[in-house]
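Here is the structure we will look at.
Bear in mind these aren't lab numbers, they're just calculated from the coordinates by the rules spelled out. Everything numeric in this text was worked out from a predicted model, so none of it was measured. Cβ: placed from backbone, ideal geometry, glycine included. Neighbour counts: every protein chain shown.
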Amino acid sequence: MSTPAEDFDSAVAALYSQLHQSTTPAAALHAAAARRTNTIHDMHTYLQRLGLELNNNADGSNLASANDTQLCSIPPLIVHITGTKGKGSTLSYCESLLRNAYGLTTGMFTSPHLVCIRERIRINGIPISKRVFAEAYWTVRRKLEENSHVMLQQHSENATAAADGNSQRKEDSLPPLPTLPGYFRMLTLMALYTFAHHDSPKVDAILLEVGMGGRYDATNVFEPYHSNNRRILVRGITLIDYDHTRVLGSTLEQIAWEKGGIYVSNKMEKINPNDGGYDKFSNGHDDEQQNREYEDEGAGCNPLFVNGSNTPQVANVLRAIAREEKDSSLQLVEDSYLDSIPELNFHASHQRGNAALALAVCQHAISQYRKQHHNFTTTNGNVTKERISASLTNTFWPGRFHSLTLPSNDKQVVLKLRCDGAHTPISINACISWFQSILTTYRKPIKDHDSIRKVLVFNCGHERNPIPLLHSLHRSGLFDCVYFSRADFERPSAMPKQLLDEWLKEEITTTIEPISGEECAVNYETMCNALKESGIRSSDAYPDSDDMSKSTWQQTLATIWRVLDMYHSQVVEKKADDPSSK
């Protein structure tokens, strides 16, 4: 068997191959269900095989196995951000503050990437080179393959104990840990390995964006310790919304519990297949405690910073998690946290909340960092409010409220591209508001500009429900036409490219019945039924599930848009105009 060339292209090809991707839907679902709650243990196994020292005991001693040699220490400051909306933007604000305002060398890991996979791993805000990326992949892979026998031996010992009845742990009955981890775990390992071994310059602070959830995420491997120890870990949670509900849960409280897992200490003991999940947590907190408005408990030495725009229900879940941790507190960060910072300018108004959270996180991080590094002085001199303002205002996160002017051969045609990566109903509405604010900057009302066409170019992955997103965009009435594009390159997915039955029944809007005056929930299925009752029976408008399964994903998106269009024009408007229905 020939050895693959250890270059960048080969590394990317390997990451997208069956080595790191599930091959069938059944395999993907089984693997995800079987190992997700054991992620913390799995990642520690992988990291020890790489010789990376993650955490320290209270006395500063190493937590890694005494048998591990040639350990390489992770940088001393860790910033860990989760949430549903704005976690990438918040982390980019943190990175800019730590680097530009406080003079630290930063390593940042984010997901997903916009254009190139190297964007996920950055040093001082710049994606690592192809050479560094390739070196990280092949070195990590080689080390894991060289130690695969150790992993198999450990699993064999656990399985024997389980078979003999000597173990009650669910993880002992799991299938063997793969020699090479899945796609996101592998990228996380590559990022941590890169940050630990980068010498020119040496990384001072690591900034990590959670991939999904938080509690069982591959990035959730660091322990919180007090400032007299070497490792400083500061956590922040952005706005929590409905997303990945099939995995994280169908309520905001369940999702908040998953996100709040980044705040847990002693993770190896508390986060595992035996932790009881959200049910155990909710049963341990009565309704009165869950529903009580909480109060700020002061900074504490181990605070969890939370975007103040979160609902009281979300905040109460996070506070309950914080109460279980030693010397902890929950800090709600409002937009007003930035009131003393002059001349701030954001592309969209809700970015102010992300920036406020980032500033609170970084100010606490630096205060703890100074306690450990008494000789620390910023390379930029005094950290003034003006310097903080410049660091926040000049932060650029591609694809988020991003405006571009495209070249055109026709001097009479100006192409303006407004890009945003919105992927939940709340973020889509924020994107719509941003676009509307741009339209109001024209000297005359936009409707008077006959030469201006507003075109929507839409794409979303098939693993996400597109119906509520398209509904919000359609309801805005902003666009003259719509195109459904595909990405230039997509990583392999085991999920079929079709609408799921539960998506068809998911409520996307409400409507007022003309006769009763009652508000009724509407979903995609009821829209299609209403069209049929109105005499519209075109199979092209709303094909059955068998026909949809034969369509491309872009054709499926176009079908949804046509249904929304016809429902509005043939059902909603006709009812409104019909005197007999009033």
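From the cross-link list Lys130/Lys202; Lys454/Lys550; Lys280/Lys497; Lys259/Lys326, which pairs have alpha carbons spaced over 24 Å apart? The pairs that break the limit, which is 24 Å between Cα atoms, are Lys454/Lys550; Lys280/Lys497. Computed from label points 7 Å out along Cα-Cβ, the spacing between Glu533 and Asn409 is 5.3 nm.
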